[in-house]
Amino acid sequence: MAFSASLSSPLGFHTHHPNPPAFSPKAPPKLTTTTTIRPITTTFAIPPLSSATAPTFDGTTLAVIGGSSVAALAAVLSLTDPERRRRNQAEEVGGDDKEVVREYFNNSGFQRWKKIYGETDDVNRVQKDIRLGHSKTVENAITMLTDDGSLRGVTVCDAGCGTGSLSIPLAKEGAIVTATDISAAMVAEAQKQAEEQLLAGKDDLSPAPVMPKFEVKDLESLDGKYHTVVCLDVLIHYPQSKADGMIAHLASLAENRLILSFAPKTFYYDILKRIGELFPGPSKATRAYLHSEADVERALQKVGWKINKKGLITTQFYFAKLVEAVPA
């Protein structure tokens, strides 16, 4: 989920509780960037337009673009045809968005995102910034989950687990985790990371964490019932028409709460995304869809759920809306 935004943009959360708990995620290791966190009573300020990158391309940094250029850029963008490129991607793998995503994250996308989600220094400036943004999203999701108390014994489905960046910390907290991903390569890597982090060096004095149950499944194939369902940085791969059904399905699996992250659709972010589409990199192989908060909220309301908390996570090349929904 790589887009341009302000690195110093605040992260705040709306909540319907009269005295919401403070939201103070831990700073990620080896990073010195800090984020000001405060409750939000009005809308988020739009950060200055500085640079942009497409959601999935590698190593391309665009020239600085002044805010006064937006109108001219919009006119140029209207002449482009990113849909043709997207159709060609789908035809190459003989399927729709889901098959494009499966193919990408089992091949070149796996290698790219394994580096981004990992700790290797073999990443460029954009990838390192996306790593920071994703880690903030994970940390804030964990804070949401632990705000109501201990996770010990709580069943959690991590839908779209990637390399286990959320599943493994949840297991360390004592949660009973089912972790799934459309990519077999991602699931294998998550399993490997979990074994190394949860089992290696385990002493006999403290209780052993329960290993997450890893499975290769797409969102539509998920079943069962869980206290909480979490789906981070996945909806960007699907249009709103399909996202509505996926949100409804995920809500049907959750008994108490559903946590989602998505790339918010605004005029500003939509322009940045379309600028990026003018400069597709060699590894650009998945479609990227933005979703308005209103559309996500309507999808939840249709199945009897409401947004309880929400926040915005931004770095220079990453932005995501994070929401917690509960039964209405």
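The values are calculated or read from the model by the stated rules, or taken from the named source; none is laboratory data. Just so you know, these numbers come straight off a predicted model, no measurement behind them. Virtual Cβ from ideal backbone geometry, glycine too; neighbours counted across all protein chains shown.
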Test residue 143 against the stated conditions and say whether it is among the β-branched types (Val, Ile, Thr) and out of contact with any Pro (no Cβ under 9 Å at 6 or more places or on another chain).
no
Identify all residues within region 148-183 that are over 18 Å from residue 137 (Cα atoms), touching a helix residue (DSSP H, G or I) at 6+ places or on another chain (Cβ under 6 Å) and among the small types (Gly, Ala, Ser); write none if there are none.
183
Restricting attention to region 202-253, which residues are of a type in the set (A, V, I, L, M, F, W, C), farther than 18 Å from residue 293 by Cβ, assigned to a loop (DSSP other than H, G, I, E, B) and touching a residue at least 60 places away in the same chain (Cβ under 8 Å)?
222
Does residue 284 fit the bill of being more than 16 Å from the chain's Cα centre (by Cα), closer than 23 Å to residue 316 by Cβ and at pLDDT below 95?
yes
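Could you identify the single residue in 191, 197 that is modelled with pLDDT of 95 or more and of a type in the set (S, T, N, Q)?
Result: 191 is the single residue among 191, 197 that is modelled with pLDDT of 95 or more and of a type in the set (S, T, N, Q).
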Which number in (1) in contact with a helix residue (DSSP H, G or I) (Cβ under 7 Å, 6 or more places away or on another chain); (2) among the polar types (S, T, N, Q); (3) buried (at least 24 other Cβ atoms within 10 Å of the Cβ) marks the one condition that residue 140 misses?
(1)
If I filter region 249-256 for residues that are closer than 21 Å to residue 99 by Cβ, modelled with pLDDT of 95 or more and more than 14 Å from the chain's Cα centre (by Cα), do I get at least one hit?
yes
